[in-house]
1. If the reach is capped at under 16 angstrom between alpha carbons, list the lysines near residue 276, excluding any in the same chain fewer than eight residues apart.
2. For region 129-143, in order, what is each residue's ³J(HN,Hα) by Karplus, 6.51 cos²θ - 1.76 cosθ + 1.60 with θ = phi - 60°, in whole Hz (x at glycine and Pro)?
3. Around residue 116, under 11 Å between beta carbons, what's the net of Lys plus Arg minus Asp minus Glu among the other residues?
4. Could you tell me how far the Cα centroid of region 192-230 sits from the Cα centroid of region 1-61, in Å?
5. Among 175, 141, 118, pick out the residue whose Cα is farthest towards the positive end of the charge dipole of region 72-183, where Lys and Arg carry +1 and Asp and Glu carry -1 on C-beta, about the Cα centre.
6. Once amide H atoms are built 1.01 Å from N in the peptide plane, which residues 5 or more positions from residue 228, or in another chain, come under 5 Å H to H?
7. Counting Lys +1, Arg +1, Asp -1, Glu -1, what net charge surrounds residue 84 among other residues with beta carbon under 12 Å of its beta carbon?
8. Step through the residues of region 167-183 one at a time and calculate ³J(HN,Hα) from phi using the Karplus curve (6.51 cos²θ - 1.76 cosθ + 1.60, θ = phi - 60°), rounding each to whole Hz and writing x for Gly and Pro.
Amino acid sequence: MVLDNDFKQAQRRVDELITLLDHYSHEYYVLDRPTIPDSEYDKLYQELLKLEEMYPTLVQQDSPSQRVGGTLLPGFEKVEHDLPMLSLDNAFDLDGLRAFDKRVRQLVDGEVEYECELKIDGLAVSLKYENGKLIRAVTRGDGRVGENVTGNVRSIKAVPLKLKRAVTIEARGEIYMPKSSFIQLNEEREEQGEAVFANPRNAAAGTLRNLNPQVTASRNLSVFLYSIVQYGDLNVETQSDALNSLDKLGLRTNPERTVFQSIEEVWTYIEEYQNKRTSLPYEIDGIVIKVNKFDNQEQAGYTVKAPRWAIAYKFPAEEAKTTVNEIEWSV
Ligand code: NAD
C-alpha cells in the first residue's frame, strides 16, 4: 500500500502526541506533579482528536482518546467499579457548545433541558453506603478500577459516615481542597522548607492518595457529590432530582446549579460564573452541562470514554496558572 505524505505525517504526529500526553498524564495522575498547565495539555489532546477524526485508521487502542486518564498507585487495594467512572468531553467556546446541543437534539426525543453545575477542580470519588452506612470509598483510577481510599475518606468531615436514611446507594462526586486550606498548607510547607503544591487539585489528590490516613485527617479536604449510580429506593427522574435527593440524605452537593431550556441560556450561566470564579472559596475549572432528564440521557448514551449527554466547558487558562514551571512540585 502506498501511503501519501499527509497520512505519514499525521501518523508520526499521532505517535508523538500519544507519547507526550502519556508522559504528562503520568506526571498529573500518578505523581500529582504536572509540569505543564492544563490548557497546554488540552491543546495537545484536541490536536490528537482532530487528527484521529481526519484519519480514523490512526486511532490506537491505547490512545488517550480511548481511555480514562488515571493510573493506579501501588499501596492501595484495587477495586473494580460496578459501573465505569467515565471522563467528560470538553468544549472551549460557544460554537463547541452549540455543536454539543445539536448532537444531543439529534439523539433524544422531545424537549431538552440542561442542568448546569460548577466543575469542581479536585478528584473524582465513589462513595458506597449500605443501609445508610459508608462502607467504601474508591477513586476513579483508570475508570474501570480505582484505589480503595476508604480509610482516608472517613477522616473527611464533610463526608457523612451515616446517612439520614438507611438506604443502599452509590454516590459520586469530587473531593477538593478549599482555597483557604491550600494557602495555609503551602505556607506551613514553605516554613518547614518543604516543596509547595502547585494548585488545590494536586494538593487534594496528593492528600487523598496518601498512605498515611493521619496526613489526610490533618489537611482540610471537602466534597461535593454530583451523581448517583446506584439508587436504592430513591425515585428520581432527573439530574436535579438526584442532587436534591443527595441533599436530603445529608450528602453535600454544590448549591450553584440551575436548569435551562436552551444552550444560549447555558452560555449566560457560564459567563456569570467565569466572572464569579475567583470569589468562590474553592477552585473551579469550568462548567459541566448535563442533559437533565434520565430517559433523555439513556437515549443519548455513551462513548468509550464519556457520556454523550454531558459536556465540560473549560474556562480559558488563568494567568496565575502559567507560573506552573516556576513552582517546585510536591506530592
Ligand atoms: P475532565 O477534568 O475534563 O472532566 C471529568 C471530571 O470532571 C470528572 O471525572 C470529575 O472528576 C470532574 N467533575 C468536577 N465537577 C463535576 C461535576 N459537577 N459533574 C461531573 N463531573 C465533575 O477530565 P479528566 O479525565 O478528569 O482529566 C482530563 C483533564 O485533566 C484534562 O482536560 C487536563 O486539563 C487535565 N490534565 C492535565 C495534565 C497536565 O499535565 N497538566 C495531564 C493530564 C490531564
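1. Qualifying lysines at Cα under 16 Å: 119, 179, 314.
2. After applying 6.51 cos²θ - 1.76 cosθ + 1.60, I find 10, 10, 6, x, 10, 5, 10, 7, 10, 9, 6, 5, x, 8, x Hz.
3. My count for the surroundings of residue 116 gives -3.
4. Distance between centres, Cα-based: 29 Å.
5. 175
6. Residues meeting the criterion, in which the H sits 1.01 Å from N, are 172.
7. +2
8. Listing the rounded values in order: 9, 10, 9, 10, 10, 10, x, 10, 8, 9, 10, x, 4, 5, 5, 5, 5 Hz.
Each value in this text was obtained by applying a stated rule to the coordinates, not by laboratory testing. In this text, all values refer to a predicted model and were calculated from it rather than measured experimentally. For neighbour counting, all protein chains shown are included, and Cβ atoms are generated from backbone atoms with ideal geometry for every residue, glycine included.
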